[in-house]
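Written below as structure tokens is the structure these notes are about.
The values are calculated or read from the model by the stated rules, or taken from the named source; none is laboratory data. Bear in mind the structure is a predicted one, so any value in this text is a computation, not a measurement. Counting neighbours? That spans all protein chains shown, and the Cβs are built from the backbone with ideal geometry, glycine included. Ligands, DNA and RNA are stripped out before the accessible areas are found, and what is left, the full protein with its side chains, is counted by its heavy atoms. Shrake-Rupley method; radii C 1.70, N 1.55, O 1.52, S 1.80 Å.
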Amino acid sequence: MATANISGDALVAQARGLVVGQRMEDAEVTYRKALFHMPDHPEALNFIAMCELGRGEFDAAHEHLEHAIRIDSQEASFRRNLGITQLALGRAQAAIDTFEEVIAMAPKEFSARLHRAAALEKLGNTYDATTAYYRAIAIAQAAYHWRNRQTTPASLQPLLRHAISYIKQNQKRIFMDWLQPAREEHGAASVARIEAGLSMYLKEVATQYADERQHCSFFYVPGVAASPSLDATQVPGMDDLARVGATFMVELRAAEAAGRELEPYFGTHDLAILREQEVLDGGENARLEALYLYRDGDLEPLGRQSCPQTFAAVKSLPHPVEIERLGPNVYFMVLGPDTHMLPSKGFTNARIHIEIPLWVSGQTVRQVADTEKAWRAGEPVAYDATFVHELWNHGDGTSAALVLDAWHPDLTAAECMALTALFEGISQFHVAAGVEPPFGS
């Protein structure tokens, strides 16, 4: 018996050498000889199964892989190969279940995610397959795999090329479907600019900015008037909101007096960290704080409780940006003395930002591109954040404003409807894919 075991081990070692030398047929013969001596050898079972799979002998491959898994249930590659075999046999749901076991066992077994997407495609689940392919590629590339031929196994390259093609083909159709209600209600021509923006977002065409100083990290709507500063009175309801700014100031003062602590706008007051992150600078008392009523579309209960009249006034605004995970955003912003909010750019020209100054210490200035606008209590400042923008408080005391977002006044009702559906759809697509949505506040 000992001799048989030694003979089997020697044959396995010989087979491994043949694999290294790319002599696959000889390696299979040798592994089969080894299996004669050691019928429960999982490595031999797996190799023979993969040879059978390559020849289309799916039933035999399935049997050998199940045997290998019974011997070594913790080897994820055996299960992955079983899933591939199940898919070849037309057992797509069984393959999905197997690939999910592999992913749970070995999250870095990236190919299992790709094969799982292929199984979803086989079942005809186009949306789920598209998001699954998208997630598989995103996770692998985040770990520096599949970024080029050198980082992609040759055996996986055909499936990866198919996955990329499948995503391109179906993502566009999925996204275009979200615009259909607006088309039906307002006509196809009403969403032409949004469709053109979608082609830019999907990188089918290069983004052509109306002003070379603009930059969108997410979505650009071509044809929208490009101006760093805008007339806030063009935004429905803004005149009425600005007129009751004194009420907002009273509520913010009362909230602070009652101990309602404002939170650091950038998550910390540590100026060294904020300088390193290139978001805030200034003197030793520099700070930027916020009290939120809405944040990325979510209502902030504490802000609503502290400032009920402000909340009611904002709630009454017509046509706000109401998009899951994106808007509305409404908050009080308080700048400490000698505070500089460093230059940044936004992610879409579909949305503008509005500041209603409540009190101003010294000179507080909003600069957008080469345009400067000094804060004056009760006078709204509106700007397009796709232009470089920054904010200073040159005073020795605090300045504060109510800040909110709004649709760009150049957009039509049909376009706002289409963008709402599209942005929510893109967000849901990314969530389904397990990837962060490409936008935020």
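Points to keep in mind about this one:
- Based on DSSP H segments of at least four residues, each scored -39500 (n - 2.57), the chain has a per-residue ellipticity at 222 nm of -15500 deg cm²/dmol.
- Across the options Gly54, Gln171, Thr131, the greatest Cα extent toward the positive end of the charge dipole of the chain (unit charges at beta carbon of Lys, Arg, Asp, Glu) belongs to Gly54.
- Cα centroid separation, region 232-270 to region 420-437 (Å): 30
- Carbon plus sulfur fraction of accessible area for region 1-72, probe 1.4 Å, in percent: 57
- Pairwise FRET efficiency - Ala60 versus Glu372, Cβ, R0 = 60 Å, nearest 0.05: 0.20
- Fully extended contour minus Cα-Cα distance, from Gln169 to Glu284, at 0.36 nm per residue: 36.0 nm
- Rounded to the nearest 20 debye, the dipole magnitude of region 295-441 is 240 debye, with +1 charges on Lys and Arg beta carbons, -1 on Asp and Glu beta carbons, and the Cα centre as origin.
- Region 219-361: relative contact order in percent, alpha carbon pairs under 8 Å with at least 6 residues between: 33
- Using a probe of 1.4 Å, the accessible surface attributed to Phe110 totals some 20 Å² when neighbouring protein chains are kept in position.
- Using the 1.4 Å probe convention, the accessible area of the chain works out to 47 Å² per residue with neighbouring protein chains retained.
- Relative contact order, percent, region 195-251 [alpha-carbon distance under 8 Å, six or more residues apart]: 27
- In a DSSP loop and with at most 12 other Cβ atoms within 10 Å, the GluC sites (Glu not before Pro) in region 189-250 are Glu204, Glu212.
- The alpha carbon centroids of region 299-361 and region 24-56 are separated by 66 Å.
- Inter-label distance for Arg16 and Ala189, nm, one decimal - labels placed 7 Å from Cα along Cα-to-Cβ: 7.3
- Lys pairs under 24 Å by Cα in the chain, provided they are eight or more residues apart or on distinct chains: 7
- Structure-derived semi-axes √(5λ) of the Cα gyration tensor in Å - corresponding label in (i) 59, 25, 19; (ii) 42, 25, 19; (iii) 62, 21, 20: (i)
- Protein heavy-atom surface of region 89-152, 1.4 angstrom probe: 48% of the accessible area is carbon and sulfur, with nucleic acids and ligands not counted.
- Computed from the C-beta positions of Gln93 and Thr126, the FRET efficiency with R₀ = 22 Å rounds to 0.85.
- Selection of trypsin sites (Lys or Arg not before Pro), region 334-401, meeting DSSP coil and at most 16 other Cβ within 10 Å: Lys345
- Extension gain from Val431 to Gln309, taking 0.36 nm per residue of separation minus the Cα-Cα distance: 40.5 nm
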